[in-house]
1. For the range 269-315, what is the Kirkwood estimate of the hydrodynamic radius, computed as the reciprocal of the mean inverse distance between distinct Cα atoms, to one decimal in Å?
2. From the phi angles alone, apply the Karplus equation (6.51, -1.76, 1.60; θ = phi - 60°) to the range 287-297 and give each ³J(HN,Hα) in whole Hz, x where the residue is Gly or Pro.
3. Please arrange I225, I236 by how many other C-beta atoms lie within 10 Å of their C-beta, fewest to most.
4. For q = 0.11, 0.14, 0.16, 0.20 Å⁻¹, what log10 I(q)/I(0) does the range 130-289 give under the Debye formula with an equal point scatterer on each alpha carbon and no solvent?
5. How many Å³ per residue does the convex hull of the Cα positions in the range 68-112 occupy?
Amino acid sequence: MYKHNFLNLYFTKLVLFCFLFGTSVNAAEMGLELSLFHVKGQVYVLTGADANVTVQIGDEAIVFVDTPAPEYVEEMMSLIREISNAPVRYAITTALDPLHLAGNETIENLGFRGFGGRGVGVDVAIGGNTTGVTLLAHENVLNRFYLAENDVESLTLTTTYFTTDFDIYLNDEGIAIYHMPNAHTDGDSIVFFRSSDVISLGDLLVQGQFPDIDVEAGGSVNGFIDALNYTLELVIPGPNAEGGTYVVPGHGRIGDEIDVVEYRNMLVIIRDRIQYQIEQGMSFDQIIASEPALDYDTEYGGARGGPSTTEFITSVFQSLQEEVE
Ligand SMILES: [Zn+2]
């Protein structure tokens, strides 16, 4: 009963969100094929959907970080089933973003459709859900999405939310989930697969795009930089700074330490310029006209999707203004 209402509400809002903010051309329409790319250890990434989906595949369980749109789930599962028949146990959501959580309901229902198995009883007892698949996100994901509807109680019956950090031990591996406050939004999580040595970053790293700092949803440029610095504490590079810990971005190719460093440095440099301009008393229009991100335009400036240069500068400006006020 509760669950039914929650899902209806969820998808009504999701559809509305997509309609308002646009998902103009999806990956299938662009002719991309789904494939499962082995990153390292037990961690894979599904490519060819609208956002990267990180998957831990072991003998005991399947764990997702973000989920693809429902139309991709069946094909994704057939790729996964070539490697393991273990039950799906978790889908961790990195942030409130339709491209990253659209498949949550479909994934949750996999427990009912015969993919579940031995995990089911445990989850009913521990998580309170009935499918064997736990949907996991920071509570600010819930707050941002549902608080206006005052429907919080119904959600706790079906999913699990955490307040600071969370950890899971599955497939003989520790999975550490860290909340990154006030970065892309105020509900971002990064997921560290400790023995596989892979970190799934969601949209805290997007190859070839400026960061999407959603100030309205609690994001900020300084929080974004903090999140990347925190990630750099976890990442250990291999010889000659190549390889070592791998990072899975929300979109684009797999990276390692240097990709996170470059992204962090770009953000620090542009933040410092705009901070200085604000301190000099320049207006927003003057700052835009001065093109403070000009040298990064060709690499990140919206040609491959993501925020335009102006949208990005606006978000940096707004979050710095909010800190002054
Ligand atoms: Zn994204």
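Just so it is clear, none of the values below were taken in a lab; they were calculated from the coordinates. The structure displayed is predicted, hence computed values, not measured ones. As a convention, Cβ positions derive from the backbone with ideal geometry for all residues, glycine included, and neighbour counts pool all protein chains shown.
1. About 10.9 Å, per the Kirkwood formula over Cα pairs.
2. Going residue by residue, I get 5, 4, 5, 7, 6, x, 10, 4, 6, 9, 4 Hz, with x marking Gly and Pro.
3. I236, I225
4. Scattering profile of the range 130-289, log10 relative to I(0): -0.53, -0.80, -0.98, -1.29.
5. Normalising the Cα hull of the range 68-112 by residue number yields 74 Å³.
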